Amino acid sequence: MTNSTLSGVRLLRTTALAIVLSSIVSIAHAADRAAPATDAASATPPGATDDGQRSAGGQKTDLAEGSDIVVTATKANEIAPVTASLQATQPQSVISRSFIEDSLPATSDFNQIALISPSVSGYGNYNGNGLSESKAQIRGFQDGEYNVTYDGVPFGDTNDPTHHSNTFIPSNTVETLIVDRGPGNASQLGQATFGGNINLFSRATRDDASIEAKGSYGSYNTYLLRGIAQTGAIDALGGTEAVITAQRIHSDGARSNSPFKSFNIFGKVMIPIGPNARLTLLGTYNENSFNQPDKDGATLSQIARFGKDFSLNNDPNSQSYFGYNHTHKKTDFEVAKFEADIAPNSVFENRAYTYSYDNETLSGSDVTLYATASAAAIAKANMVTLTQGATQTAGVPGYTKTNKYRVFGDIAKVKVEVARFATITAGAWIEWSNTYRQQRDVNLLTGAANFAEKTVKDPVTGIMTPSNIKFDQKSHGNHTEEFVELELRPIPGLKITPGFKHVDYNRQIDALFNQTTRIPQRLSKTYTANLPFLTINYSINNALSVYGQYARGFLAPSLSVLYVANPKFSTVAPEKSTNYQAGVVYHGGNLSIDADVYKIDFTNKFATDPTAPASEGTVYINQGAVQYKGVEGQITYALPKGFAVFANGSRNYAKTDNPGAPKLQVANAPEWTAAGGLLYKHGPIRFSLIDKYVGRQWFNDPTSVVNADGTISVDGTRRYNFYKSNGYNTAILSARYTVGPVTLGIEVNNLFDSRPVTNIGSSSKTPLTDLGKATQNNFDQYYYQTGRAFTGDITVKF
C-alpha cells in the first residue's frame, strides 16, 4: 500500500469509530443521570496544572492521558518533592512546579526533574545541567523503551521512539511531571507502551494576571534570562486565559571548547466556548546551537592529559577541533485541544497536533584519535579522497548529518457514564510522519566531498553509489491505535477497569541510498498488536488506597530493521512485555507514603545477527528475554515549623532470562536507587538539600558476551566486568528568600563534587589487553559526572 492509501484506511477506521462513539453518547441520554463518584478529599497539588482534569463545564474528570494527577491536600503533600495519587492504578511519582522552581537549576531538562523518582536513573548532562542531552532509565528500561508525552501527545524520533531531553520541552514550559512506572491503562498512548511513561504537562494559565522575570548566572559563564506573562481571565473574551514565556540560555559549557546557546518561546491560550466547551491552543519553538562531536565521550588517554572535562580542542588540523564539531537544532510543537460536555455525564475530547525536529550536524569522523593514537596512526587516519577512485591525500575527514522530520496526529476520546456504576472511555489515535536523513563524508579543511566509503553497486541497475554518501533516505510512518476501557464501580471506593487496545504501525523507506546497504531501496513493514489491560483501585478510606495492574506492552522495531539488502532478512518481531504490579498509597496529615512491587516479563529482545553476511547490511533478530522485578517506595514526613524529610528507593532486578544461560544484569540498569533530603518551606524562606543515589550497574549488554552454549568466554567475562560502575550520587543544595516581589536564590549542583564514571561507550577497536588503561589502543569513550556548579538567580514578580 502507498503512504496515502494507508492513511486513508486509518482515517476511515477512525471515522467508523467516531460513529460508534456517537451511538454510545446517544445511549447515555437514556442512561442513569447520576453524577460520577468524586474524591472529595482530593485537590490539585500547589502549582500543578489541571489541564485535562476538568470537563469543559468545570467538573473534575480523569479523561486525561492515562494519569490522574489529583493528589490529596495534606501538609506532607504540600511540601513533598514527589508524591502519588490515591486514585493511582500503577506506581507513579507526581512532581509539581514548586519542586522544579525551588530545588533545581533553571536550566534543568525534564530528565533531571524525573530523576527524583524511585527507580529512575540517568546519565548525560556532561556539559552542565540542560547544556547537553541526557538519558533516563525507568527500572532499567532505556530511552526508547518507554513513552514521553506532552499534554497527552506522545512524541519522539521517527526512526525509533527516543527523545532529546533539552531540545523539545525545556523546563520553563513544564508545570507538572508524572513518572508512571508501568504501561498505564488502554488509553495511555505511545509507541513504547511497556517500559513506563514520563508525562509532561504544559504551563497552566491562571485566573489572575501577572508578570514574572528571572535571571540567573553561574558556573561555566552560564546565564539564563526568562520572562513569563499571565493575562488572567479576560472578561471581554468570555474568560479567556493566556500564558506566554520566553527563555534564553548561553554558556561556555563545563567541557573544553563546548559553548551552548538556546532560545525557547512558549504560548498557550484557553478559550471558553459557552458554558460547556473550551478550546486550548498551545505552541512552543526551541532552537539550540552547540559545539560537540557526534560521539562526545573522552578516552582515558585524553583524560590523562586534559582532565575529565575534555571534549574538543583548538587545533584545526585535528578531527577534535571545535570548529569542525557543531550542531544546530530547531523544533516546534503545536497542540489544539477541544473539550466539551456533549451530554449529561458525557465528555468529548479531541486534540490535533504537529511537531517537527531539524538537526544539522558537522562532526569529525573519529575524535578518539586525538591524544590517544600515535602520531603515525593519526597521520594515517587524516587522509581524504577528493575525487572518486583517486588516491588519498592529507586532510581532516568528517561528515555532515541531517535528521529532520514532521509529525502530524489526532487523538479523539469520549467518556460516557452509562450507569451509576459504569463508565466507558473509548477513542482512537492516528499519526503519520515524514522524515529525511542523510550523512556525507567531507574534508573538514575545505568542506569538499571525501570519497571515503567502500564502492557498492545497485544490484538492479548496476549504477555505482558515490563513495562520499553514507546514506540519503526518506522514510514515513503510519500509526493508529484504537482503545476502549470500562470502569466498573460495584461498591463504594472500588474501581475495576478492564481495557483493550489495538495497534497498527507501518514503517516505509524510500531511499536514494539506504543506510548501511548504501543502495536505492523502497521497503515497507507493518506491525500489529492486541493489548489487554486490567487495573483495580480500592479506596479503603479518604487516606488509604490499594491498587493492582495487569497489562501487555508492545514496542515496534526501529527503522534500522529495514537497513537490509534483502527484505526477507527483515523478520524481527515486536518486543512484548507482560506486567504485573500492585501497591498501596497513604496520605495522612503529616505522613505521605506509597510502596509497590512489580514483575515484568520482556520477550523478543532486539539484537543484531552476528552470523549475517556483511553484504546484507545490519540484520536484526529477536534474541532472548529479560525479566524485570523489584520493590519501590517513597515517603515524606512533615515536621513542625515548615520542615519535612523525605526518602524514596528501589531494589531493581533486570536480568537476562534465557534457558540454560547465566542471568546477568542488562546494560544501564542500576540494581538500586535511593533519594533523600531535608526540606524547609515557611514564610519567605525555602530550602532543600536533596541527594540521589544510583546503584551498581554495567555499561555493556551481557548478550554480546554470552556464547551460543550459554557459557561466558574469558574474553567476555573481562569485558563485562570492565564496564561496571559501583554507583554514584548527586546532591543539590538550594535556598531561596523572598522580599516583597523579589526572590533571591542559590543552587549548588553536585554539592560534594563527586566525579565518577556514569557511562562508557565501548569501541570494537579496543583490544582486551587495553581495557581500562590509558593506552594508544584504548578507544573506549568515558563519561564523567559534571563537577560542582554554582548558580545564583533573582526573580521579580508583579
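The values are calculated or read from the model by the stated rules, or taken from the named source; none is laboratory data. Remember, it's a predicted structure, so these values are computed and weren't measured experimentally. Here the Cβ positions follow ideal geometry from the backbone for every residue, glycine too, while neighbour counts run over all protein chains shown. Keep in mind that these areas ignore ligands, DNA and RNA; they rest on the heavy atoms of the full protein, side chains included. Shrake-Rupley method; radii C 1.70, N 1.55, O 1.52, S 1.80 Å.
When Asn478, Asn514 are screened for being touching a Leu at 6+ places or on another chain (Cβ under 6 Å), of a type outside the set (Val, Ile, Thr) and buried (at least 18 other Cβ atoms within 10 Å of the Cβ), only Asn478 passes.
Among the residues of region 344-391, just one is closer than 19 Å to Ala298 by Cβ and of a type in the set (Asp, Glu), namely Asp366.
Report yes if Ser262 is among the small types (Gly, Ala, Ser), within 21 Å of the chain's Cα centre (by Cα) and open to solvent by less than 30 Å² (accessible area, probe 1.4 Å), otherwise no. Spell out how you get there, then give the answer.
On the way: among the small types (Gly, Ala, Ser): yes; within 21 Å of the chain's Cα centre (by Cα): yes; open to solvent by less than 30 Å² (accessible area, probe 1.4 Å): yes.
Yes; evaluated as a whole, the condition is true for this residue.
Is it fair to say Ser318 is assigned to a loop (DSSP other than H, G, I, E, B) and buried (at least 22 other Cβ atoms within 10 Å of the Cβ)? Break it down into steps so the answer makes sense when it comes.
Working: assigned to a loop (DSSP other than H, G, I, E, B): yes; buried (at least 22 other Cβ atoms within 10 Å of the Cβ): no.
When the stated conditions are applied, Ser318 does not pass them.
Can you work out which of the residues in region 465-518 that are assigned to a strand (DSSP E or B) and free of Cβ contacts under 8 Å to residues at least 40 places away in the same chain is farthest from Ala449 (Cα to Cα)?
Within region 465-518, the first condition is being assigned to a strand (DSSP E or B), and the residues that meet it are 469-488, 494-513.
Add one more test, that the residue is free of Cβ contacts under 8 Å to residues at least 40 places away in the same chain, and what stays is 498, 502, 510.
On the way: Pro498: 58, His502: 47, Asp510: 24 Å.
Among residues in region 465-518 that are assigned to a strand (DSSP E or B) and free of Cβ contacts under 8 Å to residues at least 40 places away in the same chain, the one farthest from Ala449 (Cα to Cα) is Pro498.
In region 342-354, the residues that are farther than 12 Å from Leu281 by Cα reach residues that are polar (S, T, N, Q) and open to solvent by 40 Å² or more (accessible area, probe 1.4 Å) with C-beta atoms within less than 9 angstrom, at least six apart or across chains, in these pairs: Ile342/Asn276; Ala343/Ser26; Val347/Gln59. Among the residues of region 325-333, are any within 30 Å of Gly772 (Cα to Cα) and open to solvent by 30 Å² or more (accessible area, probe 1.4 Å)? Yes, because at least one residue in region 325-333 is within 30 Å of Gly772 (Cα to Cα) and open to solvent by 30 Å² or more (accessible area, probe 1.4 Å). Any residue at all in region 204-222 that's under 28 Å from Glu481 (Cα atoms), without any contact (Cβ under 8 Å) to a residue 60 or more places away in the chain and out of contact with any Lys or Arg (no Cβ under 6 Å at 6 or more places or on another chain)? No, because not a single residue in region 204-222 is under 28 Å from Glu481 (Cα atoms), without any contact (Cβ under 8 Å) to a residue 60 or more places away in the chain and out of contact with any Lys or Arg (no Cβ under 6 Å at 6 or more places or on another chain).
State all residues of region 630-689 that are assigned to a strand (DSSP E or B), of a type in the set (D, E, K, R) and in contact with a Gly (Cβ under 8 Å, 6 or more places away or on another chain); if no residue qualifies, say none. Once the filter is applied, which keeps residues that are assigned to a strand (DSSP E or B), of a type in the set (D, E, K, R) and in contact with a Gly (Cβ under 8 Å, 6 or more places away or on another chain), region 630-689 yields Glu632, Arg651, Lys681. Any chance region 570-588 includes a residue that's without any contact (Cβ under 8 Å) to a residue 40 or more places away in the chain, closer than 30 Å to Val645 by Cβ, assigned to a strand (DSSP E or B) and open to solvent by 10 Å² or more (accessible area, probe 1.4 Å)? For region 570-588, residues without any contact (Cβ under 8 Å) to a residue 40 or more places away in the chain, closer than 30 Å to Val645 by Cβ, assigned to a strand (DSSP E or B) and open to solvent by 10 Å² or more (accessible area, probe 1.4 Å): present. For region 411-455, a residue qualifies if it is assigned to a loop (DSSP other than H, G, I, E, B), of a type outside the set (Phe, Trp, Tyr), within 30 Å of Asn317 (Cα to Cα) and open to solvent by 10 Å² or more (accessible area, probe 1.4 Å), and the qualifying residues are Leu444, Leu445, Thr446, Gly447, Ala448, Ala452, Glu453, Lys454, Thr455.
Wholly within region 29-143, which strands (runs of 3 or more DSSP E) include no fewer than the required count, namely at least 2 residues that are of a type in the set (A, V, I, L, M, F, W, C) and modelled with pLDDT of 95 or more?
Ranges flagged: 134-138.
The residues of region 632-677 that are among the aromatic types (Phe, Trp, Tyr) and closer than 27 Å to Leu733 by Cβ, listed by number, are Tyr637, Phe643, Phe646, Trp672.
Condition test on Thr461, is it loosely packed, with under 15 Cβ neighbours inside 10 Å, among the β-branched types (Val, Ile, Thr) and not in a strand (DSSP E or B)? Judged against the criteria, Thr461 is a match.
Of all the residues in region 495-516, those that are farther than 30 Å from Thr465 by Cβ and β-branched (Val, Ile, Thr) number 3.
Selection within region 337-358: residues that are open to solvent by 10 Å² or more (accessible area, probe 1.4 Å) and polar (S, T, N, Q). The member of this set that is modelled with the lowest pLDDT is Asn345.
Quick one: in region 663-699, of everything that is hydroxyl-bearing (Ser, Thr, Tyr) and either touching a Pro at 6+ places or on another chain (Cβ under 7 Å) or open to solvent by less than 30 Å² (accessible area, probe 1.4 Å) (or both), which residue is nearest to Asn648 (Cα to Cα)? It comes out as Thr673. For Thr149, the conditions (1) part of a loop (DSSP other than H, G, I, E, B); (2) modelled with pLDDT of 95 or more; (3) of a type in the set (S, T, N, Q) are fulfilled apart from (1).
Of the residues making up region 223-240, those that are touching a residue at least 24 places away in the same chain (Cβ under 8 Å), over 27 Å from the mean Cα position of the chain (by Cα) and assigned to a strand (DSSP E or B) are Gln230, Thr240.
Among the conditions (1) closer than 30 Å to Val585 by Cα; (2) of a type in the set (Phe, Trp, Tyr); (3) open to solvent by less than 50 Å² (accessible area, probe 1.4 Å), the only one that Phe471 does not satisfy is (1). Only a single criterion out of (1) in contact with a helix residue (DSSP H, G or I) (Cβ under 6 Å, 6 or more places away or on another chain); (2) within 26 Å of Gly427 (Cα to Cα) is not satisfied by Leu523, namely (2). A Cβ distance below 7 Å, combined with a sequence gap of six or more or placement on separate chains, defines the contacts here; from region 367-395, residues that are without any contact (Cβ under 8 Å) to a residue 12 or more places away in the chain and within 16 Å of Asp441 (Cβ to Cβ) reach residues that are open to solvent by less than 80 Å² (accessible area, probe 1.4 Å) and hydrophobic (A, V, I, L, M, F, W, C) in the pairs Gln392/Met383; Gln392/Val384; Thr393/Met383; Thr393/Val384.
Within region 371-392, if we keep just the residues that are exposed (fewer than 13 other Cβ atoms within 10 Å of the Cβ) and of a type in the set (Val, Ile, Thr), the residue that is farthest from Gln292 (Cα to Cα) turns out to be Thr391.
Asn159 satisfies every condition listed in (1) in contact with a helix residue (DSSP H, G or I) (Cβ under 7 Å, 6 or more places away or on another chain); (2) in a loop (DSSP other than H, G, I, E, B); (3) surrounded by 24 or more Cβ atoms within 10 Å (Cβ to Cβ) except (3).
A Cβ distance below 8 Å, combined with a sequence gap of six or more or placement on separate chains, defines the contacts here; from region 666-686, residues that are farther than 15 Å from Ile635 by Cβ reach residues that are open to solvent by 30 Å² or more (accessible area, probe 1.4 Å) and among the aliphatic types (A, V, I, L, M) in the pairs Pro684/Val739; Ile685/Ala735; Arg686/Ala735.
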